[in-house]
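The values are calculated or read from the model by the stated rules, or taken from the named source; none is laboratory data. Every value quoted in this text rests on a predicted model; they were computed, and no experiment measured them. Positions of Cβ are generated from backbone atoms using ideal geometry, with glycine treated the same way; all protein chains shown enter the neighbour counts.
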Amino acid sequence: MTFRNNFAPANVPPRRYYARRSSGLGLLLLIAFIFCFFYVGRWLIVEDPLDHAQAIAVLSGRMPLRVLEAARLYRAGYAPEVWLTHSTEPGKSLQEMGLKYLGEEDYDREILIHEGVPSGAIHVLEPPILNTADEIIAIKFALNAPALRTVIIVTSKPHTRRVHTLWRVLTHGEGRIIVRASPTDPFDAQHWWRNTTDALDVVREILGLLNAWTGLPLRHP
């Protein structure tokens, strides 16, 4: 006695039926992959509406775009202070070699002053940082005004989503951040695959988000 597969149509052999299902599933996955590939650049950008804050924090990198945007926001009256971060390397290693090194924060300070920010309104946060997670922690501890506890964080366009994610993971939602990117950031969200700089940005941010979503198992040595 033979039994017909109850899940396959009566007039279609089981092997052909499953082959059609596999082909259909493969087509759906291909469509999903293509959609994600073309949309991921725009998905990475998450900016918040501007509001008044305790300070404007500039994340390291992409000098001078980020710090110029911080100066513009300061002049517009959104915050009374600008916060910078700093790292120990490569300054420490070069100092041991007897070589003078000016860190990014030194140039950022000069740019801010040039753009009209008073030196007394510029503060370099401690402790030294190695990555964005360290910067988030430094900013979180600097938010000490209970009446406001809001900070504007200036970064680059593809980095905005990861900043939001790291803030939630590392601070458990304490305080409020307003994440902004420089409007002159050349990142092309719609055609990110057309140049190596944008492509590397997207790959780095996706890997960084995966690390954050899984609890930051990968740490800087």
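General observations
- Among the conditions (1) in contact (Cβ under 8 Å) with a residue 60 or more places away in the chain; (2) hydroxyl-bearing (Ser, Thr, Tyr); (3) farther than 20 Å from GLY61 by Cα, the only one that THR155 does not satisfy is (3).
- Note on the stretch 78-128: residues that are modelled with pLDDT of 95 or more, hydrophobic (A, V, I, L, M, F, W, C) and out of contact with any strand residue (DSSP E or B) (no Cβ under 8 Å at 6 or more places or on another chain) total 1.
- The residue of the stretch 182-202 that is farthest from GLU89 (Cα to Cα), among those that are surrounded by fewer than 13 Cβ atoms within 10 Å (Cβ to Cβ) and of a type outside the set (S, T, N, Q), is HIS191.
- Long-range neighbours under 9 Å by Cβ, at least six apart or interchain, first residue in contact (Cβ under 8 Å) with a residue 24 or more places away in the chain and closer than 14 Å to ILE206 by Cβ within the stretch 19-41, second acidic (Asp, Glu) and not in a helix (DSSP H, G or I): GLY41/ASP188
- Failed condition for VAL179, given (1) within 18 Å of GLU135 (Cα to Cα); (2) surrounded by 13 or more Cβ atoms within 10 Å (Cβ to Cβ); (3) out of contact with any strand residue (DSSP E or B) (no Cβ under 7 Å at 6 or more places or on another chain): (3)
- Checked against the criterion of being at pLDDT 75 or above, farther than 22 Å from ILE137 by Cα, not aliphatic (A, V, I, L, M) and not in a helix (DSSP H, G or I), the stretch 27-47 has no qualifying residue.
- Residues (closer than 13 Å to ALA55 by Cα and either at pLDDT below 95 or not hydrophobic (A, V, I, L, M, F, W, C) (or both)) located in the stretch 148-179: LEU148, ARG149, THR150, GLY175, ARG176
- Count of the stretch 107-136 residues which are surrounded by fewer than 16 Cβ atoms within 10 Å (Cβ to Cβ) and farther than 21 Å from LEU65 by Cα: 3
- Residues satisfying the stated conditions in the stretch 95-106, i.e. charged (D, E, K, R) and either surrounded by 10 or more Cβ atoms within 10 Å (Cβ to Cβ) or in a loop (DSSP other than H, G, I, E, B) (or both): LYS100, GLU104, GLU105, ASP106
- Scanning the stretch 168-221 for residues that are among the hydroxyl-bearing types (Ser, Thr, Tyr), closer than 19 Å to SER60 by Cα and touching a residue at least 24 places away in the same chain (Cβ under 8 Å) yields SER182, THR184.
- Any hit, the stretch 88-96, residues being touching a helix residue (DSSP H, G or I) at 6+ places or on another chain (Cβ under 7 Å) and β-branched (Val, Ile, Thr): no
- Contact annotation: residue pairs with Cβ atoms under 8 Å, 6 or more positions apart or on different chains, pairing a residue in the stretch 52-69 that is hydroxyl-bearing (Ser, Thr, Tyr) with a partner that is modelled with pLDDT of 95 or more and assigned to a loop (DSSP other than H, G, I, E, B), are SER60/THR85.
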